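Input: a single structure, listed below in structure tokens.
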Amino acid sequence: MDKLENIAEEIRKTFDARTAARDRALALARQLTRACALSIRAVHRDESDLMNEHLAEARKLADILRRELATHPDLFYAGYTQDALKEFVEANVTCALIRNQALVTPDELGVSEATYLNGLAEVVGELRRRTLDILRHGYSQEAERLLSYMDEIYLVLVTMDYPDAITNGLRRQTDLARGIIEKTRGDVTFSLRGEHLEQALSRVRDQLNGSQPKVPNGDGVENSQSRLPLAGDE
């Protein structure tokens, strides 16, 4: 029992170090999440320079987080750390797809496969947001492009049929993505039908305007016939 106090002191030192690392990781995770949110907001506002600035800050914070937790793998794979890195994936992939740039890989982002896939699943929601912003101004091929990306993401996610312990709950995220995609497909279809209807009405108006006969008015000036012929007219 003479060594008990020495053993306890060593344990306290270990716990103090882990507690300090945990507090630091929490602070970095919050900063990383904020930088990612700001980059997504910037890309939706078409503020490219600001988007790149926030993405660069997010990458710096993610690198620091990985480096400082290299000796604490239990903290690195804790929920709050992986959630922040998932936001990092979401921000980078969302910005790349909206800007029609190359898709970044898990290795390029320095994240695990499960974290990458969960971040990819959340990209679907941001692409829906972008699609709805486009449809507010009418149907566009850009909306179709984003919808096709959403479909491709889902087709990959649905093939990852592994236990949640391996994928960190990817199945639930995949189900949510499917619902979002179906709603978006309905919105795009409705907008496209509205566009077709408007074009059809425009053609009918042009045909009617072009086929109306000219009749002289009281001043001898020809005007478009103001009414359709009635029964009994000669």
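The values are calculated or read from the model by the stated rules, or taken from the named source; none is laboratory data. These numbers come from a predicted model, not from an experiment. In this analysis, Cβ positions are derived from the backbone assuming ideal geometry, glycine residues included, and neighbour counts consider all displayed protein chains.
Details
- The criterion of being of a type in the set (Ser, Thr, Tyr), touching a Leu at 6+ places or on another chain (Cβ under 6 Å), surrounded by 10 or more Cβ atoms within 10 Å (Cβ to Cβ) and at pLDDT 90 or above holds for Thr174.
- Residue check, Ala42 over 19 Å from Asn100 (Cβ atoms) and aliphatic (A, V, I, L, M): no
- Where helices (runs of 4 or more DSSP H) fall wholly inside region 1-119, the ranges with 1 or more residues that are closer than 29 Å to Gln141 by Cβ and within 16 Å of the chain's Cα centre (by Cα) are 4-44, 48-68, 79-98.
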